[in-house]
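Below: one structure, written as structure tokens.
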């Protein structure tokens, strides 16, 4: 006789409920832990923190370090902004968000930087790493070394883009530190992070952080990030009058709630920060390059035959020396750093002068030769490169304006950088800063109308703001 045991209905319902709890328990673990940090960017003082030292997935906040090393590589002559980079199969195969690069195509390094900073493109980030270090693994090791040199003691990088990978971890404190270094170590590139959109070589891409940039007064960066494991992350910076705050959030539940939390933290920072404070810039980490790996830049074959540091034309050196001599003592260090950055970015080609081979002595002129004129013959003027047909209509009473800035130092720095990068059309012009109640206008003066028009067109092609100034 077979005995059947039945389970009471109440017990069955209990078991079903328990199974449901167990089944959905893993889903709770997917929710990323929350962490936050707020600092006064001027001094580095911590104004608020929560779980700031918990190691979490940084997601695309990783690209801040990718971009930092890209700027470092340009500064130290490893690569230039115009270097053509050949896209590898690995870079092209990265999942979205991506620019849409194809295996084998070449693209200027500057466009990879734009795509990684604004679009948060994974394929562009990987291409940057391979172009600089030869492989993504080598680049990730360089990222980690640089992080340690900055004091980011709890950060380890495994890739250039931030997609979830075992051991690829950071903290809110470390990412805040990295954001501050981007701001102060490479201010000439910082405007990338505030662009609502940018042209990235093959198309125009929107900023992943455009909602906060548009909604929060004074916001001008820096970087968003999202994966399922990380949640919605953001390192944001905002400036109001003399105050600048950096706030970091890890583990937001949505883009909207993350932005709201960051805005709340920035408000907290502005309330707690003093209206005036000295700017104590962080120490730039020691430069180690690729640690002697002998890496070649993608698209460039063979060992370098000359120094990688750009050779400066004598005229450019003279301009730099004059600018430094004219600077007040209190601005000397800032001007020197600004000039070095401007020279590193300027598209300056060395002037090649070949040695003249000693020629034979000319034969003596016949004594009976009758000269056409007894006047001393004028030496012919050296030939000049003709860029376009210029006329002198209107006289040299025209000029161009390349922007308005809040300080004279910023205006002078932009003038010097622009003069070095566009020497063909701006040579011989007068650099002048015009002060008004609205700021400091950076201008080049002493041009004809045609020269001013040509200069503006060439500068605008380089994405430099420019408009003509007529005779007053």
Inset, instruction - Output the number of residues of the stretch 207-228 satisfying the condition of being modelled with pLDDT of 95 or more and surrounded by 16 or more Cβ atoms within 10 Å (Cβ to Cβ). - result: 14
Legend entry - Of the criteria (1) over 26 Å from residue 282 (Cβ atoms); (2) free of Cβ contacts under 8 Å to residues at least 60 places away in the same chain; (3) surrounded by 14 or more Cβ atoms within 10 Å (Cβ to Cβ), which one residue 204 fails: (3)
Inset, instruction - State yes or no: is residue 55 over 20 Å from residue 226 (Cα atoms) and assigned by TED's automatic domain parsing to the domain that holds residue 183? - result: no
Legend entry - Count - residues of the stretch 232-247 that are buried (at least 19 other Cβ atoms within 10 Å of the Cβ) and either under 16 Å from residue 208 (Cβ atoms) or at pLDDT below 95 (or both): 6
Inset, instruction - Look at residue 176 and say whether it is touching a residue at least 24 places away in the same chain (Cβ under 8 Å) and surrounded by fewer than 24 Cβ atoms within 10 Å (Cβ to Cβ). - result: no
Inset, instruction - Would you confirm whether any residue within the stretch 403-425 is surrounded by 18 or more Cβ atoms within 10 Å (Cβ to Cβ), over 30 Å from residue 187 (Cα atoms) and either in contact with a strand residue (DSSP E or B) (Cβ under 6 Å, 6 or more places away or on another chain) or modelled with pLDDT of 85 or more (or both)? - result: no
Legend entry - Residue in the stretch 103-118 that is farther than 22 Å from residue 190 by Cα, in contact with a helix residue (DSSP H, G or I) (Cβ under 6 Å, 6 or more places away or on another chain) and modelled with pLDDT of 95 or more present: yes
Inset, instruction - Could you check how many residues of the stretch 189-198 are crowded, with 18+ Cβ neighbours inside 10 Å, under 21 Å from residue 75 (Cα atoms) and out of contact with any strand residue (DSSP E or B) (no Cβ under 6 Å at 6 or more places or on another chain)? - result: 3
Inset, instruction - Residue by residue through the stretch 37-57, note down the ones that are more than 25 Å from the chain's Cα centre (by Cα) and either part of a strand (DSSP E or B) or modelled with pLDDT under 95 (or both). - result: 46, 47, 48, 49, 50, 56
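The values are calculated or read from the model by the stated rules, or taken from the named source; none is laboratory data. Just so we're clear, the structure is a prediction, and the values are computed from it rather than from any experiment. Please note: Cβ atoms are built from the backbone with ideal geometry, for glycine as well, and neighbour counts cover all protein chains shown.
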